[in-house]
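Undergrad: Got a structure for you, written out below as structure tokens; questions coming shortly.
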Amino acid sequence: QLALSHYLVEQGGLANVEAKAKMGYAADGRLKSFRIESPSGKQQYDDSLKKAIIKSQQLPQPLPKDLELVVIFNLKEMAAPGR
């Protein structure tokens with residue numbers, strides 16, 4: 001669960017913090033690999049992102065085939081109201 005409020009993100013100058021990660025999943029939903037391709041420049045955010053990816057090593061359901069995803073994690077979007 002994200003601990004930062006939308007207000008804190010905006011007022012704390014964190015609105016543009018984002019990182020890009022490449023994640024590879026096996027067809028059984030298991031995380032095979034990941035790499036932070038574009039770090040955010042905020043060490044604490046990048047460390048939290050790595051921990052979150054490692055913690056979710058197993059998807060809740062299988063995939064039709066092995067899959068590689070590139071995901072952009074944007075702090076402003078993650079803290080948006082209604083999320």
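Undergrad: Restricting attention to segment 60-76, and to residues there that are open to solvent by less than 50 Å² (accessible area, probe 1.4 Å) and aliphatic (A, V, I, L, M), which single residue is farthest from D28 (Cα to Cα)? Lay out the reasoning, then the answer.
TA: First, pick out the residues of segment 60-76 that are open to solvent by less than 50 Å² (accessible area, probe 1.4 Å): 63, 71, 73-75.
Cutting the leftovers down to aliphatic (A, V, I, L, M) gives us 63, 71, 75.
Working: L63: 6, V71: 20, L75: 29 Å.
Among residues in segment 60-76 that are open to solvent by less than 50 Å² (accessible area, probe 1.4 Å) and aliphatic (A, V, I, L, M), the one farthest from D28 (Cα to Cα) is L75.
Undergrad: Tell me which residues, restricted to segment 10-40, are modelled with pLDDT of 85 or more, farther than 13 Å from E68 by Cβ and exposed (fewer than 11 other Cβ atoms within 10 Å of the Cβ).
TA: none
Undergrad: Filtering segment 41-56 down to residues that are of a type in the set (S, T, Y) and not in a loop (DSSP other than H, G, I, E, B), which residue is least open to solvent (accessible area, probe 1.4 Å)?
TA: Filtering segment 41-56 down to residues of a type in the set (S, T, Y) leaves 45, 48, 56.
Now drop any that are not not in a loop (DSSP other than H, G, I, E, B), which leaves 45, 48.
Values: Y45: 33, S48: 66 Å².
Taking the candidates together, the pick is Y45.
The values are calculated or read from the model by the stated rules, or taken from the named source; none is laboratory data. Just so it is clear, the model here is predicted, and its values are computed rather than measured. FYI the Cβ positions are ideal-geometry reconstructions off the backbone, even for glycines, and counts take in every protein chain you see. Remember, those area values only see protein heavy atoms, side chains included, never the ligands or the DNA or RNA. Shrake-Rupley method; radii C 1.70, N 1.55, O 1.52, S 1.80 Å.
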